[in-house]
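One structure is given here, and the rest of the page talks about it.
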Amino acid sequence: MRTLLAMALAATLLWPVAASAQALEAPVQSKLNLTLQDRYTIKELIKDIRVTPVPGKQDVSIGNAVPNNIKLESMPVEVAAKVPKIKSHLFFVEDNKIVLVEAKDRKIVDVIE
């Protein structure tokens with residue numbers, strides 16, 4: 001009887017922990033696999049060309065589609081030359097973040113802060 005009561009008490013105490021663990025989702029990871037050096041290069045070169053940030057606050061989570069009203073910029077030649085794996089991508093700047101976008105489907109593939 002004590003064992004059953006102890007198990008019931010343990011289950012009651014642990015139930016909220018198990019429920020909240022199920023609600024947590026693993027963050028989506030970029031498929032570009034940019035190195036820290038790649039990220040630094042992209043940020044510095046794009047900062048130097050002074051791209052106008054998009055107005056408003058956007059949800060810049062990896063995997064999200066970018067709305068059609070957001071103007072996407074072509075990757076600058078200098079950036080594509082130094083980081084070739086992103087030469088076919090587009091980007092926009094939002095709140096000091098560079099958001100890299102897949103050209104074919106307008107989905108966010110990485111965010112450089």
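Grab the other residues whose beta carbon is less than 11 angstrom from that of Leu72, score K and R as +1, D and E as -1, and report the net. Result for the local shell: 0.
With the simple spin-label model, which puts each label point 7 Å out from Cα in the Cβ direction, the Arg50 to Val77 separation comes to 2.1 nm. Geometric descriptor of segment 36-112, per residue, is 84 Å³ (volume of the convex hull of the Cα atoms). Summing charges over neighbours of Leu34, with a neighbour being any other residue whose Cβ is under 9 Å away from its Cβ, gives 0 when K and R count +1 and D and E count -1. Placing unit charges on the Cβ atoms only, positive for Lys and Arg and negative for Asp and Glu, gives segment 36-112 a dipole magnitude near 80 debye about its Cα centre. Each Lys or Arg adds one and each Asp or Glu takes one away; over the other residues whose Cβ falls under 14 Å from the Cβ of Ser88, this sums to +2.
We did not get these values from a lab; they are worked out from the coordinates using the rules stated. Keep in mind it's a predicted model, so treat the numbers as computed, not measured. Counting neighbours? That spans all protein chains shown, and the Cβs are built from the backbone with ideal geometry, glycine included.
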